[in-house]
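Scroll down for the structure; my scribbles are underneath it.
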Ligand code: SF4
């Protein structure tokens, strides 16, 4: 079957030829794993960053679409010697690419720019991405002068209007691209031939040596004998590939078959023991010791944030998190009912100051502050303190009193087979407190909460849609926080 190979598919091909083959010939299976909110956000962010990067070239003309009309328009604008083109489309010998930015030079050659929403050049993909385009453009008779990557500058801190020249870094990667150009031309032909073969390639799926999170949606199709839950799901097995390879090479896929003396970490051994013996591993002595250290009132606290690629407010750098919401349950004593407080910023300016003031009103000077994964909340607090020096003492006091409830599970004081080696709140809550569920909520995970807050701030969002988002955000963050209280209560009743 004659196919068109886009630069996106070429980059996917470099990662795994089989994966792209399934994209062409088995789209139903390939599309089974829907894009996560995180992946969708990356795509949206990429589009947003590219639009802003256009400001670096005020004379640019945008070509929309990828079809024949866009290709004809591209040729027309090139013939007219248009100085800067955004998204010109080229198709030749079954290769297709839309170039981010093409800039005409005095000698009629062009500089080619690839805009990335990253804060650095990714040597594994960006050079190949550009080399694909350079090869294609040369096939189309377009002479290339130099190749560049434009990416966000992580050191930029916004003050006043965005300084477009400081927000971005333009890196000359011409030499690196020229070094791999010929090899990439060869790979492009190989990819085209491979993907033109309608017969599915049999044999080895190299991901069999990688942890579950690296498998694409077609893994089960290509590896029907690998169990749905087994050695690929061992805790952090992706970080110890040699161990996984050893198990696979001796034909061990099931947890029950892992030799007792096999060299594994404590969490991995516990995961197998809890699963194979179908029992809960509980270290009540140490759980009690941890809980004994808590000082009442207890504060169960959870933040929601948005990482804007293009800084929205003064004092923010690319991707620095905007704290827009928190939920807080306060428990005055073991036997009292928890009291709920919340904050959600619905205006479009910087929420940091109001967020901090509200927190200060609701968190007293004493008491343990319980979070899940303290690295996140403490980092946000440190950034808040940097932007609001007047609140440093309060923020420092919060950070000094933070206790990470996840640690009880990280330290292996409580291991349940249904955690499946994971210790996120989304893995622990349904096992310990099954009556609490995220399933009926309009927002079920942090990535979506973040996107929804952003959506709420768009001018195009109707009042009705805003109200729905506000309701969903409040419900989600409240449950995330109540979940910590419920898990604490479960543990408390277990040991006291
Ligand atoms: S599971 Fe891995 S090796 Fe197999 S097709 Fe998917 S990405 Fe490629």
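The values are calculated or read from the model by the stated rules, or taken from the named source; none is laboratory data. Predicted model only: the values in this text are computed from it and were never measured. Glycine also receives a Cβ, built like all others from the backbone with ideal geometry; neighbour counts cover every protein chain displayed.
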May I ask you to list the residues in the range 76-89 that are surrounded by fewer than 22 Cβ atoms within 10 Å (Cβ to Cβ) and in a strand (DSSP E or B)? 84, 86
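Taking the condition over 25 Å from the mean Cα position of the chain (by Cα) and over 27 Å from residue 124 (Cβ atoms), does residue 250 pass?
It is true that residue 250 is over 25 Å from the mean Cα position of the chain (by Cα) and over 27 Å from residue 124 (Cβ atoms).
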Quick check on the range 222-243: of everything there that is crowded, with 17+ Cβ neighbours inside 10 Å and within 11 Å of the ligand (Cβ to nearest atom), which residue is modelled with the lowest pLDDT? 222
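Yes/no matrix, rows are residues, columns are (1) assigned to a loop (DSSP other than H, G, I, E, B); (2) more than 25 Å from residue 217 (Cα to Cα); (3) touching a strand residue (DSSP E or B) at 6+ places or on another chain (Cβ under 9 Å):
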{"position": "10", "(1), (2), (3)": "no, no, yes"}
{"position": "19", "(1), (2), (3)": "no, no, no"}
{"position": "34", "(1), (2), (3)": "yes, no, no"}
{"position": "40", "(1), (2), (3)": "no, no, no"}
{"position": "50", "(1), (2), (3)": "no, yes, yes"}
{"position": "53", "(1), (2), (3)": "no, yes, yes"}
{"position": "66", "(1), (2), (3)": "yes, yes, yes"}
{"position": "74", "(1), (2), (3)": "no, yes, yes"}
For the range 423-441, which positions are over 23 Å from the mean Cα position of the chain (by Cα) and within 23 Å of residue 271 (Cβ to Cβ)? 430, 431, 432, 433, 434
If the Cβ limit is 6 Å and pairs must be 6+ apart or interchain, which residue in the range 214-230 that is in the same structural domain as residue 251 (by TED's automatic domain parsing) and within 14 Å of residue 34 (Cα to Cα) pairs with which residue that is near the ligand (Cβ under 9 Å from one of its atoms) and modelled with pLDDT of 90 or more? 215/207; 216/19; 218/22
Which ones in the range 358-376 are in contact with a strand residue (DSSP E or B) (Cβ under 7 Å, 6 or more places away or on another chain) and either farther than 14 Å from residue 304 by Cα or free of Cβ contacts under 8 Å to residues at least 60 places away in the same chain (or both)? 358, 359, 362, 363, 367, 368, 369, 370, 373, 374
Taking the range 25-45 and keeping only residues that are surrounded by 16 or more Cβ atoms within 10 Å (Cβ to Cβ) and away from the ligand (no atom under 11 Å from the Cβ), one is left with 25, 37, 41, 45
Is it true that some residue in the range 281-294 is under 21 Å from residue 475 (Cα atoms) and surrounded by 15 or more Cβ atoms within 10 Å (Cβ to Cβ)? no
Residues of the range 314-339 being assigned to a strand (DSSP E or B) and surrounded by 16 or more Cβ atoms within 10 Å (Cβ to Cβ), in sequence order, are 321, 322, 323, 324, 325, 326, 327, 328, 329, 330, 331
Note on residue 339: of the conditions (1) in contact with a helix residue (DSSP H, G or I) (Cβ under 8 Å, 6 or more places away or on another chain); (2) modelled with pLDDT of 95 or more, unmet is (1)
Please tell me if residue 114 is touching a residue at least 24 places away in the same chain (Cβ under 8 Å), touching a helix residue (DSSP H, G or I) at 6+ places or on another chain (Cβ under 7 Å) and assigned by TED's automatic domain parsing to the domain that holds residue 41. yes
